[in-house]
Amino acid sequence: MKKLNVLAAINFIFCANAVWAQNTSYNPQTDTVTIPAVEINGVIEYVDVVLQFNSEGLLRIVEARLPEDAAPNPPGGPKNYPFDSSANFTGQYVGGVFFLNDGSMWAITGVSNNISVGNGSKDLTIYRSSDAIPGAWHGVRADYFMLVNGNPTTYFVQELPVHKHVQDRIEFSEQYVGGVFFLNDGSMWAITGVSDNISVGNGSKDLTIYRSSDAIPGAWHGVRADYFMLVNGNPTTYFVNKL
């Protein structure tokens, strides 16, 4: 993840007029302006930015955070465990990311054997983990484990904060680790790591790029990055960086 002086960076980008601030609000009681998200070149780079007017009537930055430092706000809200749900899987394995039917995003961090979750819509139950369960056969333990109806595997899973950056549909040509591709806005991205040995494939594909999370296991091949990409119909998690 990037390491920087957040306040100094935002001071710079505001002065450079490189920012689009989303849903700015003013609180007259505290004389502060709050910006939930600051977007730079189409990517949300800062959240919860608070500015306050000084004696000269100029704004000064009081507080700001990087998106990965913000508290997760799962789309499905708080859950009571055991939690029954369903998901549409595409063969995810360790490092794979999936969505429950409430919109919450989860990563598989470890498994009890070499059987993938399979394909299609499946009913499942997520439980809080227990030290009584042996460590993962592959991958690592997590705060929760998942049982899928009709599947003998115990899947260690972790809920992820949803920091969506961009959705697009582009033409791929079998890019793998080290491959470079362009989004329709002209931005150039590189694949730095993958969760398995499946390439992105050929043809026109829908994709979504998210800010990465430490809850996702390290890359099976290559290295982690500040972002990860999910391609519709593909079980692989692709770590990507903007160039």
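For the reader, a short list of remarks on this structure follows.
- Flag if Ser130 is assigned by TED's automatic domain parsing to the domain that holds Met105, farther than 18 Å from Val94 by Cα and small (Gly, Ala, Ser): yes
- Selection count, the range 208-243, where residues are touching a Ser or Thr at 6+ places or on another chain (Cβ under 8 Å) and within 17 Å of Glu159 (Cβ to Cβ): 6
- With respect to the conditions (1) in a strand (DSSP E or B); (2) within 22 Å of Tyr210 (Cα to Cα), Ser85 falls short on a single one, namely (2).
For (1) crowded, with 16+ Cβ neighbours inside 10 Å; (2) out of contact with any Cys (no Cβ under 9 Å at 6 or more places or on another chain); (3) in the same structural domain as Asp214 (by TED's automatic domain parsing); (4) at pLDDT 75 or above, each residue gets a yes or a no:
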| residue | (1), (2), (3), (4) |
| --- | --- |
| Ile40 | no, yes, no, no |
| Glu45 | yes, yes, no, no |
| Val49 | yes, yes, no, yes |
| Leu59 | no, yes, no, no |
| Pro75 | no, yes, no, no |
| Ala87 | yes, yes, no, yes |
| Gln92 | yes, yes, no, yes |
| Phe98 | yes, yes, no, yes |
| Asn101 | no, yes, no, yes |
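- Within the range 197-217, being in contact (Cβ under 8 Å) with a residue 40 or more places away in the chain and in contact with a Gly (Cβ under 8 Å, 6 or more places away or on another chain) holds for Ile216, Pro217.
- Taken together, the residues in the range 141-176 that are assigned by TED's automatic domain parsing to the domain that holds Ser213, over 19 Å from the mean Cα position of the chain (by Cα) and not polar (S, T, N, Q) amount to 5.
- Filter result for the condition that a residue is crowded, with 19+ Cβ neighbours inside 10 Å and either of a type in the set (S, T, N, Q) or closer than 30 Å to Ser112 by Cβ (or both), over Ile209, Ile191: Ile191
- Where strands (runs of 3 or more DSSP E) sit wholly within the range 115-189, those with at least 2 residues that are touching a residue at least 24 places away in the same chain (Cβ under 8 Å) and β-branched (Val, Ile, Thr) occupy 119-128, 154-160, 164-173.
The values are calculated or read from the model by the stated rules, or taken from the named source; none is laboratory data. Since the structure is predicted, the reported quantities are computational estimates derived from the model, not experimental observations. As a convention, Cβ positions derive from the backbone with ideal geometry for all residues, glycine included, and neighbour counts pool all protein chains shown.
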